[in-house]
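The structure appears right after this line, and notes come after that.
Computed from the coordinates by the stated procedures, all read-outs in this text should not be read as laboratory data. This structure is a prediction, so every number in the text was calculated from the model and none was measured. Note: ideal-geometry Cβ built from the backbone for every residue, glycine included; neighbour counts use all protein chains shown.
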Amino acid sequence: MHGNDLIHMVWKNFGEAYGADPAWVVRTPGRVNLIGEHTDYNGGWAMPFAIGERMIMAGGYASDRTRLRALDMRDTVEFDSRELPAPRHRHWSNYLIGVMAEFSARGFALPQLNACFAGNLPQGGGLSSSAALSNCMAMLVDKSIGSSLPKQELALISQGCEHHYAGVMCGIMDQYATLFCKQDHALLLDCRSRSYRHVPLHILPYRLVLINSMIKHDLAEGAYNQRRRECESALASLRVKHPLMQDLRDCSPEILADARARLTETEYRRVSHQVGENHRVLAAEKALRAGDLPSLGRLMHASHISLAENFEVSSPEQDFLVASAMDLKGVLGARMTGGGFGGNVICLVHQDRCEELRLSIGAGYLTRFGKTPEFHLCSPEDGASFEEAGPP
């Protein structure tokens, strides 16, 4: 469903469910990470961009109890905002109630609210549907209580929701991407200082093509958090000799080589990815500013190889898609994007070869895995927006 149709649907359903028009409408995009994966919770660098697919949330005050409605799932939760319910296992409401809990923990009194939402972001596709949803709620709650918090604080609230209600110990990249991205640009994010700059993403005659493996990931199942624990363990070992090391971002190739004997093989591979990936992100910025797309493509592919071999977060399906893409003429680079364990692959493809990419890879993937992948041309869009509601 396209954006305008989605807004009309959310508006209409809000009126039908609550008997009034919404007071506010929030739109938050998903994101694709061009390069810089699993670096954000290690104080590193990342370079995402926002996409046109979004979450739309309509909201307003309620008189008695809070009611939150997920239109896609035809499901509603109801509770008193003064007594927030506990997290429910793998339930969509965790991303909304968790945001309210983060505001409450900061000392804000929560009003009773009506809200409903829908989106055209695939869940479990690695495009940050969860951050888009929690940021929607953060902006809505912020407006309802009149706090006018800076977007940086709203991002931390959404991250806290992931940690404490959804059970995913994520970094800050997704939350920042959906809030701060800019049309026709990538967002170069310093995940330690949370400073950022916009990098022009001018790539014609090449295009960015997303390929959905149709394998959904679930980061709350444990593998993502396990990678974070492995990184923390490696950092503790490195600090024995380098006590001032703040994050794995501070590890150089020389420090890593010297510490190899003190690290387990798993820890060594995890740190190897961090060291290489941070270098690749900064090199990718230089390549983009210089218009050097072949170098950008090589960096993207090197990122995938490291994610598959050193960080072990790719999947057989994503590896197949990347390898198949790289075998085609006109493809400069390809890599998995997102947390991994399924989801999407992003390819840098000449615009004249996009249809060949779809036909060739689609047929091979169907033969190998019995599924038909989805292909989507994407371009960088603006981040989240908020408006006082008027008729759509």
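In the chain, what percentage of the DSSP-assigned beta bridges are antiparallel, given to the nearest 5?
The antiparallel fraction comes to roughly 95 percent.
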Residue-averaged [θ]222 nm for the chain, counting only DSSP H segments that reach four residues, each worth -39500 (n - 2.57):
-13000 deg cm²/dmol
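Shape of the range 297-345 from its Cα gyration tensor (a ≥ b ≥ c, root eigenvalues): rounded if a/c is under 1.5, otherwise prolate when a/b > b/c, or oblate? Display every interim value, and only then the final one.
Working: a/c = 2.02, a/b = 1.51, b/c = 1.34.
Prolate, since a/c reaches 1.5 and a/b exceeds b/c.
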Pop the C-beta distance of K241 and S193 into the FRET formula with R0 = 35 Å and round what comes out to the nearest 0.05.
0.90
Extension reserve of the E388-Y61 stretch, reckoned as 0.36 nm per residue once the Cα distance is removed:
116.4 nm
At a 10 Å Cβ-Cβ cut-off, how would you order R335, R298, R82, fewest neighbours first?
R82, R298, R335
Measuring from centroid to centroid over Cα atoms, what is the spacing of the range 271-297 and the range 326-362 in Å?
18 Å
Put a dot 7 Å past each Cα toward the Cβ at A257 and S379; how far apart are the dots in nm?
4.6 nm
Unsatisfied cross-links (Cα-Cα over 32 Å) in the set K216/K329; K143/K182; K12/K371; K143/K286; K151/K286; K329/K371:
K12/K371; K143/K286
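Could you please report the charge total around P122, scoring K, R as +1 and D, E as -1 over all other residues with beta-carbon less than 10 angstrom from its beta-carbon?
Neighbour charge sum, excluding P122 itself: -1.
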